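Novice: Structure below; questions to follow.
The values are calculated or read from the model by the stated rules, or taken from the named source; none is laboratory data. As the structure is a computational prediction, the values presented were derived from the model and not from experiment. Virtual Cβ from ideal backbone geometry, glycine too; neighbours counted across all protein chains shown. What goes into the accessible areas is simple: the full protein's heavy atoms, side chains included, and nothing from ligands, DNA or RNA. Shrake-Rupley method; radii C 1.70, N 1.55, O 1.52, S 1.80 Å.
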Amino acid sequence: MRGFYAGLVLLVVTGFLDDFGELNHRYKFVAQIVAAVFIIYFSKVYLHTFGNLLAFGSIDFDMLAIL
């Protein structure tokens, strides 16, 4: 849960600063990417497969799931 809360705090702070100072869109985008990395890294959440999403068979990531 600490990864979730770290990402959440980062997004809340970014939103607060954007409300009062009109942050550049690039800074907001970077904050969203960093928040996602916090959630993935600290919470140990990985996407291993999309399953049979497109009816062509299972879409697996194998070793790329960590990236």
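Novice: Beta carbons within 10 angstrom, averaged per residue: use that to sort the peptides 3-14, 21-32, highest first. Walk me through the numbers before you get to the answer.
Specialist: Numbers: 3-14: 15.5, 21-32: 11.7.
Ranking, from highest mean packing down: 3-14, 21-32.
Novice: If you rank 33, 39 by how much accessible surface each has, with a 1.4 Å probe, what is the order from largest down? Each step should come with its number before you reach the end.
Specialist: Working: 33 80, 39 60 Å².
Reading off the accessible areas and sorting them downward yields 33, 39.
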